[in-house]
Amino acid sequence: MKVTLRIWRQAKQDAQGRMVSYPLDGVSEDMSFLEMLDLLNEHLTKQNEEPVAFDHDCREGICGACGVVINGIAHGGEHTTTCQLHMRSFADNATIDIEPWQAGPFPVIKDLVVDRTALDRIIQAGGFISANTGSAPDAHAVPAPKRESDKAFDAATCIGCGACVAACPNGSAMLFTSAKITHLAMLPQGQPERYSRVKGMIAQHDEEGFGGCTNIGECSEVCPKGIPMETISQLNRDLISSLFKGTGK
Amino acid sequence: MAVTGLILIGFLLFHAFGNFKLLIPDEGAEFNEYSHLLRRLLYPILPPMFFLWGFRIFMLAATGLHLYSAYKLTGRRWSSAGVSGRYVSQKPSTSKAHSYAARTMIWGGIIIVLFVIMHLLQFTAQVLTFGYPDGTTTLEPYDRTLAGFSEWWVVLVYAIAMLAVCVHVFHGFWSAFATLGANVSAKSQGVLKGLAVLISAALYFGFMIPPVLILFGVIGQ
């Protein structure tokens, strides 16, 4: 199949970006979206042109490295990651717009690559548990209720790709932050730091310059892991509870 | 935002309920009495007008905090998502009515603020004398209401403003509860959104029934 790509090209962070058109022939519908970009880059390299920079790693939908806005929708609207999106989702002769995540705290490094370390700093502000080192405890030493551990596992599927930020009209990272909060708050191991964690992570979220959540729901729609809006309410419940606890900042 | 929003919704529901006294066929006797009573509620426990002013200050504070939250949220949105559309091919993935209401909260809010100023100038300050001569301040609340809503364009302005209220509350009600942590499951989300539809519809019809009946002469004949 044949497609026309319109790709955001930006040489470096403070350079002016613009959309550039590339016709591409010989695309197989079995190619993943990233393989299609690889094909384009092979052609560009042969023509002595600068290949398109894009983030990718595992290419099996579990690492969260890849992610671009395709035709105005983060990850292309198929409820999966960009690497797991296939060209069969597009019509022959289609024009496809490809843009990087755009948000104040996500500066573009080059072309489609953005700096998402703001999310790492949110994790550093509390998205962990403190445990003594030593031999691993028995797996059943600390019982975890089934319902809560299922919720924790669902939230833990968040791969931190940043699609929620890219899609949110407020540019908020609330779905990401709440997934991390919910994941740890549902498990016994997460209890000691539960309320200092939520305060710390929200403070960091705001300090990074992410917008506030107004419950629009775009984040959940594009999330490749289907993290539901309920996790944001879980974060809010913990945040309200934390006001009555003496822990944290 | 959530707490002040729910206070304002509570006020609106009670306001709409009070307006139904216009439907009592007693030429406004009870409506006027209700209106006058509000001015000396809790008298003689408290001085006359004391409760009224306390309530006005409370409502003004709730409104002020609501506007301040909106100002902060908009500022944060601008610095993160930009002022205009950030993608060349911008497309919402939730192409639902709900998404529309959620995105237009700020515009609905601005329309409502302008409307409330007009509404207070018309009925409380009596500066805007729609349907009766300027400078008249002796009309009873019932007669002022009748005069105002005898003008078709006044009813039209109210119909538009109430549409803004309806759309604003449609998102605001559910969003407030979600922010307060009540969105615990897919089912509770359905219940909250269902209640949001009921309450926004109740507010629209509740507020529009008396003016429309006055315009068509059903009330006050």
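The values are calculated or read from the model by the stated rules, or taken from the named source; none is laboratory data. Small disclaimer: the values here were computed from a predicted structure and weren't measured. Don't worry about glycine lacking a Cβ; one is built from the backbone with ideal geometry, like all the others, and counts go over all protein chains shown. Note: accessible area is taken over every heavy atom of the protein model, side chains too, but ligands, DNA and RNA are not part of it. Shrake-Rupley method; radii C 1.70, N 1.55, O 1.52, S 1.80 Å.
I'd like to check something: does region B:171-181 contain any residue that is within 14 Å of another protein chain (Cβ to nearest Cβ), among the aromatic types (Phe, Trp, Tyr) and within 20 Å of B:His15 (Cα to Cα)?
yes
So the check is Cβ under 6 Å with 6+ separation or different chains; which pairs have a first residue in region A:67-78 that's more than 7 Å from every other protein chain (Cβ to nearest Cβ) and a second one that's polar (S, T, N, Q)?
Final answer for the pair search is A:Gly67/A:Thr82; A:Val68/A:Thr82; A:His75/A:Thr81; A:His75/A:Thr82; A:Glu78/A:Ser89.
Pick from A:Glu230, A:Glu218: which is under 16 Å from the mean Cα position of the chain (by Cα) and within 11 Å of chain B (Cβ to nearest Cβ)?
The conditions single out A:Glu218.
Just checking, which of A:Gly127, A:Gly134 is away from chain B (no Cβ under 14 Å), without any contact (Cβ under 8 Å) to a residue 24 or more places away in the chain and not aromatic (Phe, Trp, Tyr)?
Result of the check over A:Gly127, A:Gly134: A:Gly134.
Conditions tested, residue by residue: (1) among the small types (Gly, Ala, Ser); (2) open to solvent by less than 10 Å² (accessible area, probe 1.4 Å).
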{"position": "A:Gly76", "(1), (2)": "yes, no"}
{"position": "A:Thr82", "(1), (2)": "no, yes"}
{"position": "A:Asn93", "(1), (2)": "no, no"}
{"position": "A:Leu119", "(1), (2)": "no, yes"}
{"position": "A:Pro143", "(1), (2)": "no, no"}
{"position": "A:Ala167", "(1), (2)": "yes, no"}
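Against the condition at pLDDT 95 or above, open to solvent by 10 Å² or more (accessible area, probe 1.4 Å) and part of a helix (DSSP H, G or I), how does A:Ile181 come out, does it pass?
no
When only residues in region B:164-213 that are among the aliphatic types (A, V, I, L, M), open to solvent by 10 Å² or more (accessible area, probe 1.4 Å) and in contact with a Phe, Trp or Tyr (Cβ under 6 Å, 6 or more places away or on another chain) count, which is nearest to B:Ile111 (Cα to Cα)?
Across region B:164-213, the extreme among qualifying residues is B:Ile199.
Can you confirm whether A:Ile62 is in contact with a Lys or Arg (Cβ under 6 Å, 6 or more places away or on another chain), in contact (Cβ under 8 Å) with a residue 24 or more places away in the chain and among the hydrophobic types (A, V, I, L, M, F, W, C)?
Answer is no for this residue.
Of the residues A:Gly160, A:Gly126, A:Gly171, which is over 23 Å from A:Ile73 (Cα atoms), in a loop (DSSP other than H, G, I, E, B) and in contact with a Gly (Cβ under 6 Å, 6 or more places away or on another chain)?
So the residue among A:Gly160, A:Gly126, A:Gly171 that is over 23 Å from A:Ile73 (Cα atoms), in a loop (DSSP other than H, G, I, E, B) and in contact with a Gly (Cβ under 6 Å, 6 or more places away or on another chain) is A:Gly126.
Within region A:64-74, take every residue that is crowded, with 20+ Cβ neighbours inside 10 Å and farther than 17 Å from A:Glu35 by Cα and give me the one that is nearest to the chain's Cα centre (by Cα).
A:Ala74
Tell me which of these A:Ser135 doesn't satisfy, since it passes every other one: (1) in a loop (DSSP other than H, G, I, E, B); (2) open to solvent by less than 60 Å² (accessible area, probe 1.4 Å); (3) outside the structural domain of A:Glu221 (by TED's automatic domain parsing).
Of everything listed in (1) in a loop (DSSP other than H, G, I, E, B); (2) open to solvent by less than 60 Å² (accessible area, probe 1.4 Å); (3) outside the structural domain of A:Glu221 (by TED's automatic domain parsing), A:Ser135 misses just condition (2).
Which residue is nearest to A:Asp120 (Cα to Cα), if the candidates are limited to region A:191-227 and must be free of Cβ contacts under 8 Å to residues at least 24 places away in the same chain and part of a loop (DSSP other than H, G, I, E, B)?
Checking each candidate, the answer is A:Gln191.
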